[in-house]
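The values are calculated or read from the model by the stated rules, or taken from the named source; none is laboratory data. The model shown is predicted, which means the values in this text are computed figures rather than measured ones. For neighbour counting, all protein chains shown are included, and Cβ atoms are generated from backbone atoms with ideal geometry for every residue, glycine included. All accessible areas refer to the heavy atoms of the entire protein, side chains included, with ligands and DNA or RNA removed. Shrake-Rupley method; radii C 1.70, N 1.55, O 1.52, S 1.80 Å.
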Amino acid sequence: MRSFARVIAALRNLLHTRKVETDLDAEIRAYVDAVAAERIAAGMTPEMARRTALADLGGVEPVKQAVRDTRAGTGIATIWQDMRFALRILRKSPGFTAVVVLTLALGIGANTAIFTLVNAVLLQTIPVNHPEDLVVLRWSAHKEPDSTGMSGFGDCTMRRKPGDESGCSMPYPVYRALAERRDLFADVTAFAGTADLNLAGNGQASIARGELVSGTYFGTLGVTAALGRPLGSADEQKGAAAVAVLDYGYWQRMFGGAPGALGRTIRLNNVAFTIVGVANREFTRLTPGKSADVYVPISQAKTLGFRWGAIDDPQAWWVTVVARLKSGIKRPEAEAAANLAFRNATMHGAKPAWKDTDDARLTLAPAQDGLSGFRRALGEPLRLLMAAVGIVLLIACANVAGLLLARSTSRERELAVRFALGASRRRVMQQMLTESILLSLAGAALGIVLAYAGASALAAFASTNGDQAFPIDVTPDLRILLFTMGVALASGVGFGLAPAIRGSRTRSAAEMSRGATESAPATLSASRRRPGLGSALVVLQVALSIVMLTGAGLLLRTLAKLHSVDAGFDTRNVLLVWVNPELAGYDKTHVLGLYENLQQRLSSLPGVMSVSYSSGAVLDGGLWTSSVKIEGQTSKQSVETQMMRVGPRYFETMRLPLLRGRPLGLTDIRNGPPAAVVNQAFVRKFLEGRDPVGLHFGPDDKDAPKWTIVGIAQDSKYASLDDENAPTAYVPLATGGATFALRTSTAPAASIPAVRKTVQDVDDNVPVMQMRTQSESIDRQLFNQRLMARLLGGFAALGLGLACIGLYGLLSYEVARRTREIGVRTALGAKRSDVLGLFLRRGLIVVLLGSAAGIGVAVGVTRLLASLLYGVKALDPLTFFGAAALFALVGLVACLLPASRAMRVDPAEALRCE
Amino acid sequence: MTQSQTNLLQGTLDLLILKAVGDVEMHGLGISRRIEHITEGTFQVKPGSLFPALHRMEEAGWLTSFWGESENNRRAKYYRRTKAGERQVHVETKQWNTIAGAMASALKA
């Protein structure tokens, strides 16, 4: 009842402010009149009566304020009033406002941009119905299961530690056994991929990423079709027609979003598939970072030629299983029952995968966490970046706090007047905080715009330079807006609090008297305290930017080190071209002929000096190792060596020097006795420097071919630049896909169209899977370092700039405040160099203190970067020194400008100001 | 005026005002004088406490106000107790008697 009355009253107060105010004023004046009338009646003079009445009241305004404070809705009314006042104040100094808003926009924008990526990569939920009910099935055991093959597709983290193995690939029959548990799961699906499919029948042959899914896939996820129908259980049956469902984005890109795509026949790896549907638009992915172009029934794995996709083999571990819990069933109870079913299926068959002592277990992980995808690869850099932008925001806040402090000095008179009129300290603080928050909200609004642009650019950089193209959704959602609002409010209070507290301590009398003489002696003692806090804020900025500079410096030095690593071969002017004729139906006997033909045709292209091919590209992340036994080796055990199958002229094309013997030629590849070239590390490590030419080695299997070593190649890097040189054997390439390497005399990227045309001319069913230069490949491997170096470098520069502006501002303010003092000093005979020294010293002390603190903090935190560093220690003294020196240099300039202004102060002018 | 006179016990001001207004119509100064009178000069309510309390109680619905003519023919804002105000007198009187009784026996003990 009472609260209802207060709501009505609050509405009246808010809606009829003017009437309420005039009424209040009239009421209090009437009171004063009545008191005065009493006193006149008691014999006082009218003038005296009024004066004493007013004096007893203690002022009309404080009483009115006391009434206002008790009124309903007073909070809202004062906030509104404060906001309007703040806007008026800020409009009066547009320069100040612009600088502050821009500084905050950069700080808040950087945070929002990185948070957008964090949100997209780490936080966004799976875009399907009720993702919280989905679980991913995960096994763990002391050892890997006994299997005929184990394939992972990056859906979840595989752990490969002796004694502690886990993963989520399973045999298809195990999936079927678990899918029968309708008492636990509403639905269960298995899938594998994505796998590259050669897609023909829609223009030129191209590569599509195909996801092999069980018939229950769309049903389990609750994903409907935007067009046609999703895949169903019937599509998975033996003998069912080959059908496919397109991803919405792929349909838009490659089929122009035409409804006519429905019912069309496309050829995937040379098998005809009918398009029966397009998945709905919202369904962009299941696992973060993994998007498919086309979905085909998992039973087609064999038809598509995937040897790993053996549906009936209970020992082939290759499908990922996701289930939707039956409603009412809790995860732990489903897990216990599913574990039993899993052990039954894997350990009690004809060929058990584990023994009882292996402690094999099945766990049900929530799909949101369990399907980690690229979250694992990007998680760490993103967390580091989040910390970095947090530091940038701190610098920005310290900077703005410094500006506000300096400004609050010029507002002392205004504050003094407000105190004299009866404003309370709390009220003044609230008003000043409103100003700060208004500033930070304006900064946030601009920051969101900057963040959107920044996040888009970052996402584009990430998706074109990462190991694998992945989509990042940077559309601002509610979480991002809330985050930005939170950051804005926190920073508004953060940088506004100190100036507000200081403002609320203004002494009215002293400041009022200041009116005429701007630097009256009375205020000197009061304002002398001020630089303390101001300097501390700049010290903080210097320290934080030293931390940023050190981090960025370490990464830049890492990149420089990596780029100066000797790869062992000439990495410049090489174009890499991936082809896989087996996907277009070539069999082993014809592949070699195609490669010879391609090698010849590509060699005759203009600008191409030499062409060869190999089973994989080097410095592209791929690696093939094999265990072999070497003839004449003292120990009887087999050894692990890196392997590469190569075509003719490989060493010449890569400019990988041969130190002894001969390279592999056409006859070795066609039909000669198996020959091999090994590298120096191979000789050093396995043969203790003995002459290897003529020795034989091969897999530890009697029937396998034994290669004869015919030459020694110089050591070179294989998978990535930061690897040690490891033993490597080069053997002839006889079958499978290949990467062609073209040594060009000009920029290699220029040859791309001609290469594509040549491959098409030779056989337009053979798709070029991808093309990139060797340098691009290397850059992709260094993606994390490059991303971090760029961003940290940018943020460090931003921090440096802000800190120097802060330093400049502090000294400028100091010079302005002490103009008269400088005048007196100069008049009394101080030299100009003394004045210059006075201020330079002051600036340098701040820089030194900040640098010392910054280096101290940096020593503690740079080890967080350790996993990204190469050839540089986290405590690299040179980098630490460099960061401090860089700051000292730029800081000196920031100090020199105001200090030289102080030097030029004309004493006569300064003293005349009085 | 000593400090003790102005420091009204927390919560007693509302009751005093409601009591002072009684069933008649009064303006601010009248209420102040009436309180002084009925408490035999123990409580002198200053405008800085009186007006906020009047406005708060009006918003709570215990008092209503209207503009009228004062004794010396000036416009003044008059307050009158509402039905809710009367009920509040009973509630607060009861509360006060409980506290006063409790304090009295506590001091006697």
Using a basic spin-label model with each label point 7 Å from the Cα along Cα→Cβ, how many nm lie between A:SER456 and A:SER233? 4.6 nm
Percent of alpha-carbon pairs separated by more than 24 Å within chain B: 27 percent
For the range A:553-568, 3J(HN,Hα) per residue [Karplus equation, 6.51 cos²θ - 1.76 cosθ + 1.60, θ = phi - 60°, Hz, x = Gly/Pro]: x, 4, 5, 5, 5, 4, 4, 4, 4, 5, 6, 8, 5, 7, 6, x
When you look at the Cβ of every residue in B:55-68, what mean number of other chain Cβ atoms sits within 10 Å? 4
Over chain A, what is the relative contact order in percent, taking alpha-carbon pairs closer than 8 angstrom and at least six residues apart? 14 percent
For A:ASP369 and A:ARG841 in one chain, what is 0.36 nm times their gap in residues minus the Cα-Cα distance, to one decimal in nm? 164.4 nm
Scan around A:ARG229 for amide H atoms under 5 Å from its own, H built in the peptide plane at 1.01 Å from N, and keep only partners 5 or more places away or cross-chain. A:GLY277, A:VAL278
If you consider only alpha-carbon coordinates, what radius of gyration and Dmax does the range A:270-310 have, in Å? 12.4, 32
In nm, what is the difference between 0.36 nm times the number of residues separating A:ALA830 and A:ALA816 and their Cα-Cα distance? 3.2 nm
For the range A:682-740, the Cα gyration tensor yields equivalent-ellipsoid semi-axes (√(5λ), largest first, whole Å) of 20, 19, 11
Antiparallel DSSP beta bridges within the protein assembly as shown, percent to nearest 5: 80 percent
D_trans [Stokes-Einstein, Kirkwood Rh over alpha-carbon pairs] for the range A:131-370, 25 °C, 0.890 mPa s, µm² s⁻¹: 134 µm²/s
Normalised alpha carbon radius of gyration of the range A:596-657 [divisor 2.2 N^0.38 Å]: 1.52
Trypsin sites (Lys or Arg not before Pro) within the range A:347-404: DSSP coil, no more than 16 neighbouring Cβ in 10 Å: A:LYS355
Stokes-Einstein translational diffusion, the range A:382-483 - Kirkwood Rh over all Cα pairs, 0.890 mPa s, 25 °C, in µm²/s: 143 µm²/s
Given a Förster distance of 51 Å, the FRET efficiency implied by the Cβ-Cβ spacing of A:THR17 and A:ALA908, rounded to the nearest 0.05, works out to 0.40
Checked against the positive end of the charge dipole of the protein assembly as shown (+1 on Cβ of Lys and Arg, -1 on Cβ of Asp and Glu, about the Cα centre), the farthest of A:GLY494, A:VAL710, A:ASN671 is A:GLY494
Evaluate the relative contact order of the range A:2-72 (contact order divided by residue number), counting alpha-carbon pairs under 8 angstrom at least 6 apart; express in whole percent. 40 percent
Please report the base-10 log of the normalised intensity I(q)/I(0) for the range A:243-357, using a Debye sum with one equal scatterer per alpha carbon and no solvent, at each q in 0.12, 0.14, 0.16 (1/Å). -0.67, -0.83, -0.96
Normalised alpha carbon radius of gyration of the range A:341-380 [divisor 2.2 N^0.38 Å]: 1.68
Over the alpha carbons of the range A:710-834, what is the largest minus smallest coordinate on each principal axis, giving the biggest first in Å? 93, 37, 26
Placed amide H near A:ARG660: partners under 5 Å, 5+ positions off or other chain: A:ILE712
To the nearest 10 degrees, how steeply does helix A:2-15 sit against the main Cα axis of chain A, on a 0 to 90 scale? 80 degrees
With N denoting the number of residues in the protein assembly as shown, provide Rg(C-alpha) divided by 2.2 N^0.38 Å, to two decimal places. 1.34
With all protein chains present, the range A:131-370 has a carbon and sulfur share of its accessible area (1.4 Å probe) in percent of 51 percent
Phi to ³J(HN,Hα) by Karplus 6.51 cos²θ - 1.76 cosθ + 1.60 over the range A:325-340, Hz, x for Gly, Pro: 4, 5, 5, x, 9, 7, 4, x, 6, 5, 4, 4, 5, 5, 4, 4
Using Cα centres only, tell me the gap between the range A:852-914 and the range B:82-109 in whole Å. 69 Å
With r defined as the distance between the Cβ atoms of A:SER627 and A:LYS351 and R0 fixed at 25 Å, what FRET efficiency is calculated, to the nearest 0.05? 0.65
The value for the range A:61-191 (convex hull of the alpha-carbon atoms, volume per residue, Å³) is 280 Å³
Ignoring ligands and nucleic acids, chains A and B bury, in total, an accessible area (1.4 Å probe) to the nearest 100 Å² of about 2000 Å²
Assuming R0 = 30 Å, can you tell me the calculated FRET efficiency for the pair A:THR70 and B:GLU71, based on Cβ-Cβ distance, to the nearest 0.05? 0.60
Mind checking the dipole of the range A:566-669: about its Cα centre, +1 per Lys or Arg Cβ, -1 per Asp or Glu Cβ, Debye to the nearest 20? 200 debye
Need one number: nm distance between label points at A:ASN671 and A:GLU38, each 7 Å from Cα along Cα→Cβ, rounded to one decimal. 12.9 nm
Nothing charged except the Cβ atoms of Lys and Arg (+1) and of Asp and Glu (-1): what's the magnitude of the dipole of chain A about its Cα centre? Round to the nearest 20 debye. 3200 debye
Which Cα, out of A:PHE96, A:THR739, A:GLY260, lies furthest along the positive dipole direction of chain A (beta carbon charges, K/R +1, D/E -1)? A:PHE96
Amide H contacts of A:THR773 (H built 1.01 Å from N, under 5 Å, at least 5 apart or other chain): A:LEU576
Convex hull over the alpha-carbon atoms of the range A:2-72: what's its volume per residue in Å³? 91 Å³
Say the cut-off is 31 Å between C-alpha atoms; which of A:LYS64/A:LYS92; A:LYS161/A:LYS629; A:LYS561/A:LYS757; B:LYS46/B:LYS94 go over it? A:LYS561/A:LYS757
Under the Karplus curve 6.51 cos²θ - 1.76 cosθ + 1.60, θ = phi - 60°, whole-Hz ³J(HN,Hα) for the range A:893-900, x wherever Gly or Pro sits: 4, 4, 7, 5, 4, x, 5, 6
Ignoring the sites themselves, what is the longest stretch of chain B with no GluC sites (Glu not before Pro) in a DSSP loop and at most 13 other beta-carbon atoms within 10 Å? B:1-39
Gyration tensor (Cα) of the range A:746-804, equivalent ellipsoid semi-axes in angstrom: 41, 11, 8
Suppose only helical runs count, i.e. DSSP H with n ≥ 4. What mean residue ellipticity at 222 nm does that imply for chain A under -39500 (n - 2.57) per run, divided by all residues and rounded to the nearest 500 deg cm²/dmol? -17000 deg cm²/dmol
